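Student: Take a look at this one; I'll ask things after.
The values are calculated or read from the model by the stated rules, or taken from the named source; none is laboratory data. Since we're looking at a predicted model, the values are computed, not measured. In this analysis, Cβ positions are derived from the backbone assuming ideal geometry, glycine residues included, and neighbour counts consider all displayed protein chains.
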Amino acid sequence: MEKMSNPLEKIRAEAILAGGEARIAAQHSKNKQTARERIEQLLDPGSFQETGMFVTHRASGLGMEKSHPFTDGVVTGWGKVEGKLVYVFAQDFTIMGGSVGEAHGLKIAALLDLARQNGAPVIGLNDSGGARIQEGVESLAGYGQIFYRNVQCSGVVPQISVILGPCAGGAVYSPAITDFIFMVEKTAHMFITGPEVVKAVTHQEVSFDQLGGAAIHRELSGVAHFTAPDEETLLSNVRWLLSFLPQNNLTPPPYQAPSDDIQRSLPELSQIVPADPQQPYDVRSVIEALVDDGEFLEVQGDYAANLVIGFARMDGYPVGVVANQPFHLAGVLDINSSDKGARFIRFCDAFHIPLVTLVDTPGFLPGTDQEYGGVIRHGAKLAYAYSEATVAKVTLILRKAYGGAYIVMGSKHLGGDYNLAWANAEIAVMGPEGAVSIVFSKDIAAAQDPAAERDRLIKNYRAEFATPLIAASRGYLDDVIDPSESRTVIIRALEVLRDKRQNTPSRKHGNIPL
Ligand code: HXC
């Protein structure tokens, strides 16, 4: 028996040693963990079951025939997170820089097939020099089949990409197709072409960090949904995200017995949200007050901060929250916030996570920058995503809901299931100041005291038109409530909508304005 196990242990040890001690030390010296250390940190202890440990490349030329490292530079398999099945692959930078060759690509593709067929989330830990130069078109084919599988998995199982090293060239497109991208600060970079190519083509000098570091993708491009200063925090945030997600599109989102009271009254909301519609406040304080135990996992927190999105629980059930943020650009909608909101809504819809929308917005941001950038096309995504979503949709207007922004923010007209407003909310085509200037411009000009007349007309307009009661009288709102009742009323609505089923027209697929 011992004779049998020794050779096996030997080759296993060889596979685990991967690129060798020197390369492992080099990896550690860059503050990076090895592929296996990362998997261990991500999964429940002892739960990892490897697939394809003994796979090797079959390339020749450019020195490839000299060495056939096990795993071919990617550790693949399955394990558990909080007792639930996940599939995971981790590129091993100590083997040819984690580069993707034919066998490496096939291993990831096979794992994605398993994840889709068995209905469990898939997590990719990326740390790779990109297409394996020695394998030429075979490595490009490897990437192509990964992209194809990512698309087949999209909307079937949650897909999470974690970037822990270089991710350049076409390699970035696999993470981009997946649902969420996590990036570690300093060591992770994502770009289509590196600084040297940028310099050669555009004469622009730019560092790796300036071109594609975690801060750039968190704040400017919106490519990264989550970042963290170190791998350990980042991987523990992956586990946090998974706690809100179902295993696949056919299973319900995970329920966690709540410790928070569903009847909890929220008198503080009237203080958090100033009555004066011009005064800013942080809508995250409203969200934290509404949801179970104040636990809110914000997604893309530093990108398009005028719209807040993220996951929380209400009465123990996960919800996706979409909220205008008056603290940033007064909560206007614009190109980036529309993109951000629409993709999140579609994710929640694909995985049966009910949407709770909190509205306080003066409308869409005007100006040539927005018009030239295609705000028409991008803004339409929000209307499309809300209309397309068949998941439960509960919308609460906190304060301002003007114009097109009123419609696209989960209104009744786009299929909102339960629409609410606080008693002081203003719903109108535009704000009182703008409306009065347009409708009464001649009267104001002719008045003895134009400023006083304008103020009087604004007051009248606010009282007559900018109230939720007109919308409620038309049935566009299901109820007008006191802020303190918000948590209880939203939870009651979500409860009756839990088994909502809605048919959609038969078609291949719609055509969202991209
Ligand atoms: C083969 C590679 C490799 C690659 C790195 N290595 N990238 N081997 N193909 N693409 C190997 C190195 O030869 C080295 O081997 C080991 O990995 C570590 O690399 P180092 O350069 O020593 O590491 P470091 O200094 O940390 O630099 C990392 C790096 C650099 C920035 C990623 O290696 C690099 O620039 N690599 C090339 C990146 C690239 O241009 N890839 C193609 C992108 S285009 P030894 O034996 O010395 O340990 C692309 C298209 C995809 O990916 C299209 C998909 C559709």
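Student: Taking into account only those residues within the stretch 98-147 that are within 13 Å of the ligand (Cβ to nearest atom) and among the aliphatic types (A, V, I, L, M), which is surrounded by the most Cβ atoms within 10 Å (Cβ to Cβ)?
Tutor: Among those that are within 13 Å of the ligand (Cβ to nearest atom) and among the aliphatic types (A, V, I, L, M), it is V100.
Student: Let me ask you something else. I'm told E464 meets every condition in (1) without any contact (Cβ under 8 Å) to a residue 24 or more places away in the chain; (2) touching a helix residue (DSSP H, G or I) at 6+ places or on another chain (Cβ under 9 Å); (3) closer than 30 Å to Y255 by Cα except one. Can you identify the failing condition by its number?
Tutor: (3)
Student: Of everything in the stretch 459-471 that's among the aliphatic types (A, V, I, L, M) and crowded, with 19+ Cβ neighbours inside 10 Å, which residue is modelled with the lowest pLDDT?
Tutor: The extreme case among them is A466.
Student: Quick one: L112 ticks every box in (1) farther than 16 Å from N126 by Cα; (2) touching a Cys at 6+ places or on another chain (Cβ under 9 Å) bar one, so which box is it?
Tutor: Among (1) farther than 16 Å from N126 by Cα; (2) touching a Cys at 6+ places or on another chain (Cβ under 9 Å), L112 violates only (1).
Student: Going by what's in this entry, would V162 be described as β-branched (V, I, T) and either over 30 Å from G222 (Cβ atoms) or in a loop (DSSP other than H, G, I, E, B) (or both)?
Tutor: Answer is no for this residue.
Student: To continue, here is another question. Filtering the stretch 412-457 down to residues that are in contact (Cβ under 8 Å) with a residue 40 or more places away in the chain and part of a helix (DSSP H, G or I), which residue is surrounded by the most Cβ atoms within 10 Å (Cβ to Cβ)?
Tutor: K412
Student: Given the stretch 192-305, what helices (runs of 4 or more DSSP H) lie entirely inside it while holding 2 or more residues that are under 30 Å from S29 (Cα atoms)? Lay out the reasoning, then the answer.
Tutor: On the way: elements: 195-202, 208-212, 214-219, 231-242, 269-272, 283-290.
Correct list: 195-202, 208-212, 214-219, 231-242.
Student: If you don't mind, another one. Within the stretch 20-40, count every residue that is in contact (Cβ under 8 Å) with a residue 12 or more places away in the chain and either of a type in the set (S, T, Y) or within 23 Å of A110 (Cα to Cα) (or both).
Tutor: Qualifying residue count, the stretch 20-40: 5.
Student: Could you tell me which residue of the stretch 313-328 is farthest from I353 (Cα to Cα), considering only residues that are assigned to a strand (DSSP E or B) and touching a residue at least 60 places away in the same chain (Cβ under 8 Å)?
Tutor: By that ranking, first place goes to N324.
Student: Can I ask one more? In the stretch 159-173, what count of residues is obtained for those that are more than 12 Å from the ligand (Cβ to nearest atom) and either farther than 18 Å from I39 by Cα or without any contact (Cβ under 8 Å) to a residue 60 or more places away in the chain (or both)?
Tutor: Here the count works out to 2.
Student: Here's a follow-up. Among the residues of the stretch 148-158, what is the count of those that are in contact with a strand residue (DSSP E or B) (Cβ under 8 Å, 6 or more places away or on another chain), more than 15 Å from the ligand (Cβ to nearest atom) and free of Cβ contacts under 8 Å to residues at least 60 places away in the same chain?
Tutor: The number of residues fulfilling the criteria is 1.
Student: Taking the stretch 60-91, which residues are within 13 Å of the ligand (Cβ to nearest atom) and under 26 Å from the mean Cα position of the chain (by Cα)?
Tutor: So the first thing to find is which residues in the stretch 60-91 are within 13 Å of the ligand (Cβ to nearest atom), and the list is 61-64, 66-67, 69, 72-73, 91.
Within the stretch 60-91, Q91 is the sole residue that qualifies.
Student: In the stretch 65-116, how many are assigned to a helix (DSSP H, G or I), under 21 Å from G170 (Cβ atoms) and of a type in the set (A, V, I, L, M, F, W, C)?
Tutor: Adding up the residues that qualify gives 8.
Student: Related question: Take A176 and tell me if it is more than 9 Å from the ligand (Cβ to nearest atom), closer than 30 Å to A59 by Cα and in a helix (DSSP H, G or I).
Tutor: So A176 fits the description; yes.
Student: Another one. When both residues are 6+ apart or on different chains and their Cβ atoms are under 9 Å apart, which pairs have a first residue that lies in the stretch 114-129 and is among the hydroxyl-bearing types (S, T, Y), and a second that is in a strand (DSSP E or B) and within 16 Å of the ligand (Cβ to nearest atom)?
Tutor: Hits for this filter: S128/V74; S128/Q91; S128/V100; S128/P166; S128/C167; S128/A168.
Student: Sticking with this one: Would you mind telling me which numbered condition in (1) of a type outside the set (G, A, S); (2) at pLDDT 95 or above; (3) within 12 Å of the ligand (Cβ to nearest atom) I192 fails?
Tutor: Tallying (1) of a type outside the set (G, A, S); (2) at pLDDT 95 or above; (3) within 12 Å of the ligand (Cβ to nearest atom), I192 fails exactly one: (2).
Student: Condition test on G77, is it under 17 Å from E21 (Cα atoms) and in contact with a strand residue (DSSP E or B) (Cβ under 8 Å, 6 or more places away or on another chain)?
Tutor: Numbers: under 17 Å from E21 (Cα atoms): no; in contact with a strand residue (DSSP E or B) (Cβ under 8 Å, 6 or more places away or on another chain): yes.
Against the criterion (under 17 Å from E21 (Cα atoms) and in contact with a strand residue (DSSP E or B) (Cβ under 8 Å, 6 or more places away or on another chain)), G77 does not qualify.
Student: Further, regarding this structure: Quick check on the stretch 21-52: of everything there that is surrounded by 13 or more Cβ atoms within 10 Å (Cβ to Cβ) and within 16 Å of the ligand (Cβ to nearest atom), which residue is nearest to G77 (Cα to Cα)?
Tutor: The qualifying residue nearest to G77 (Cα to Cα) is A35.
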